[in-house]
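The values are calculated or read from the model by the stated rules, or taken from the named source; none is laboratory data. This one's a predicted model, so the numbers in the text were calculated from it and none came from an experiment. Backbone-built Cβ (ideal geometry, glycine too); neighbour counts: all protein chains shown. Accessible surface is based on the protein model in full, side chains and every heavy atom, while ligands, DNA and RNA are left aside. Shrake-Rupley method; radii C 1.70, N 1.55, O 1.52, S 1.80 Å.
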Amino acid sequence: MPHTRPDRPDRSRRDGPSGSAPPGDLPDGHRPTQPELLRHSAMRWLARHLLDRREGGVHRAAPAAGGSPITGDKHLADQSAAVLALAGNAPEELPIALQGLQALLDRDGRPGFSEVADRSWRVRPEGRARTLRHQFHAATALLVGSRYTADPVARVRAVDLLNRCLSTCRDGAFPGALSEDWKRTEDATPSPLTAAAALRALAIADALGEPDVDTEQLPRMAETLGRAAHELPTPGGDPRIALALAHAARMLDSAEHVDTANRTMALTVRHFSARGARVGISGGEAAHLLLAGAVLRSRGHDDHGATAVSRAAIDRLADRRHGGFHTVPGQAGDASAVKYAQVQSALAGALCAASALPASSRGWPADAAHDPDDADE
């Protein structure tokens with residue numbers, strides 16, 4: 001399909017559409033919970049400092065205190081994460097994020113997305129390969145976006161790309177990357193993170209009721225990833241795998257897959273409990289751990305403490321002076337620190353999704369009780 005550059009977004013909407021509250025603001029009379037305050041803080045920070053209202057999409061990062069974004073290259077992973085977060089948290093800003101995602105659709109009609117471009121969407125040479133986990137994530141974001149915009153063409157492209165990515169699965173495993181024409185394998189090493197991205201994509205398509213995504217290899221993918229999770233150099237060291245196996249347990253609903261998800265979650269929580277006490281947990285890790293616990297709880301299973309560990313980490317990462325979230329612990333007061341679009345998007349999205357699922361028996365840390373945006377701008 002020929003690529004045309006999307007219309008430029010309206011530069012005048014600095015804090016939301018005319019006549020509406022800024023993105024992330026809470027309704028009058030609503031007494032917010034602490035998770036709501038934090039996710040609205042992340043959305044406000046993303047909208048104010050990282051949405052590119054001139055060229056569309058999101059910038060990669062901006063100084064932690066706010067101000068002019070770092071206007072470097074645009075990355076597919078950032079655009080995908082922003083679409084998924086804004087769809088659930090600030091749909092009035094979703095068109096700007098979708099413009100960025102759609103600007104990376106291949107311009108010559110090849111399947112998939114380019115992965116790195118300059119600010120004006122000229123594709124970088126290193127952005128031409130198809131990293132399968134990024135393609136899964138982008139296709140999922142396009143599918144979600146198409147539901148909000150009622151765009152049937154975008155839906156078809158998203159489903160086609162998901163099925164193309166799924167067709168590369170062999171014995172439950174995926175390669176890391178393919179060439180832009182999908183004819184050569186650029187990285188043949190089996191990638192557990194690609195399998196994790198595939199399972200999460202299938203879970204979101206299932207939640208949307210999408211009937212045309214191929215789920216034939218779902219059981220084999222879950223079994224292969226479950227084995228790989230316990231063979232990694234650091235078992236339990238990546239919450240994206242725990243999240244994927246929790247999704248698989250929900251979709252397959254078998255005792256075997258539930259047991260695998262529980263064992264992996266227990267390993268993951270132990271790992272990050274110890275790590276949190278030593279060096280802390282990053283924003284991306286905390287977001288995926290929170291979601292993994294929420295998915296298990298939604299099926300009546302124990303989250304093994306994932307909610308408590310992740311929420312304590314999220315509370316420590318909240319920037320109570322400037323809003324939004326730091327990337328890693330210890331950045332408060334660091335004048336050179338930056339905040340990344342992926343972290344704001346991942347945490348806002350996780351807090352939104354987790355809030356819609358049954359609450360954990362362990363609550364938010366008791367000392368977290370004020371709005372991070374009651375702060376200096």
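Could you list, in sequence order, the residues of the stretch 238-265 that are open to solvent by less than 40 Å² (accessible area, probe 1.4 Å) and not in a helix (DSSP H, G or I)?
Asp238, Ser254
What is the residue count in the stretch 266-297 for residues that are open to solvent by 40 Å² or more (accessible area, probe 1.4 Å) and in a helix (DSSP H, G or I)?
8
If Arg128 meets every condition in (1) open to solvent by 50 Å² or more (accessible area, probe 1.4 Å); (2) touching a residue at least 60 places away in the same chain (Cβ under 8 Å) apart from one, which number is that one?
(2)
Which one of the conditions (1) in a loop (DSSP other than H, G, I, E, B); (2) open to solvent by 10 Å² or more (accessible area, probe 1.4 Å); (3) closer than 14 Å to Leu347 by Cα does Asp315 fail to meet, given that it meets all the rest?
The failed condition is (1).
Test Ala346 against the stated conditions and say whether it is free of Cβ contacts under 8 Å to residues at least 60 places away in the same chain, part of a helix (DSSP H, G or I) and surrounded by 24 or more Cβ atoms within 10 Å (Cβ to Cβ).
no
With the structure loaded, tell me whether Arg48 is open to solvent by 10 Å² or more (accessible area, probe 1.4 Å) and outside any helix (DSSP H, G or I) or whether it fails that test.
no
Inside the stretch 47-56, can you point out the residues that are touching a strand residue (DSSP E or B) at 6+ places or on another chain (Cβ under 7 Å) and in contact (Cβ under 8 Å) with a residue 60 or more places away in the chain?
Result: His49, Leu50, Asp52.
For residues that are open to solvent by 70 Å² or more (accessible area, probe 1.4 Å) and assigned to a helix (DSSP H, G or I), scanning just the stretch 210-237, find the one that is farthest from Gln135 (Cα to Cα).
Filtering the stretch 210-237 for residues that are open to solvent by 70 Å² or more (accessible area, probe 1.4 Å) and assigned to a helix (DSSP H, G or I), the one farthest from Gln135 (Cα to Cα) comes out as Arg227.
With the requirement that a residue be under 19 Å from Ala196 (Cα atoms) and β-branched (Val, Ile, Thr), what does the stretch 276-319 give you?
The one that is under 19 Å from Ala196 (Cα atoms) and β-branched (Val, Ile, Thr): Val295.
Filter the stretch 53-73 down to the residues that are crowded, with 24+ Cβ neighbours inside 10 Å and over 16 Å from Val338 (Cα atoms) and list them by number.
Gly56, Gly57, listed by residue number.
For the stretch 186-204, state whether one or more residues are open to solvent by 80 Å² or more (accessible area, probe 1.4 Å) and either touching a strand residue (DSSP E or B) at 6+ places or on another chain (Cβ under 9 Å) or closer than 30 Å to Ile96 by Cβ (or both).
Within the stretch 186-204, one or more residues are open to solvent by 80 Å² or more (accessible area, probe 1.4 Å) and either touching a strand residue (DSSP E or B) at 6+ places or on another chain (Cβ under 9 Å) or closer than 30 Å to Ile96 by Cβ (or both).
Quick one: what pairs do we get from the stretch 98-121, first residue more than 16 Å from Ser80 (Cβ to Cβ) and among the acidic types (Asp, Glu), second assigned to a strand (DSSP E or B) and open to solvent by 20 Å² or more (accessible area, probe 1.4 Å), C-beta under 6 Å, 6+ apart or different chains?
Pairs that qualify, where the first residue is more than 16 Å from Ser80 (Cβ to Cβ) and among the acidic types (Asp, Glu) and the partner is assigned to a strand (DSSP E or B) and open to solvent by 20 Å² or more (accessible area, probe 1.4 Å): there are none.
Let me confirm something: among Asp302, Asp367, which residue is at pLDDT 75 or above and either of a type outside the set (Phe, Trp, Tyr) or not in a helix (DSSP H, G or I) (or both)?
Checking each option against the conditions leaves just Asp302.
Return the residue satisfying two criteria in turn: it lies in the stretch 101-117 and is open to solvent by 20 Å² or more (accessible area, probe 1.4 Å) and over 21 Å from the mean Cα position of the chain (by Cα), and of such residues it is nearest to Ala158 (Cα to Cα).
Step by step, filter the stretch 101-117, then rank; the result is Pro111.
Inspect all residues belonging to the stretch 325-343 and state whether any of them is under 24 Å from Pro235 (Cα atoms) and free of Cβ contacts under 8 Å to residues at least 24 places away in the same chain.
No, every residue in the stretch 325-343 fails to be under 24 Å from Pro235 (Cα atoms) and free of Cβ contacts under 8 Å to residues at least 24 places away in the same chain.
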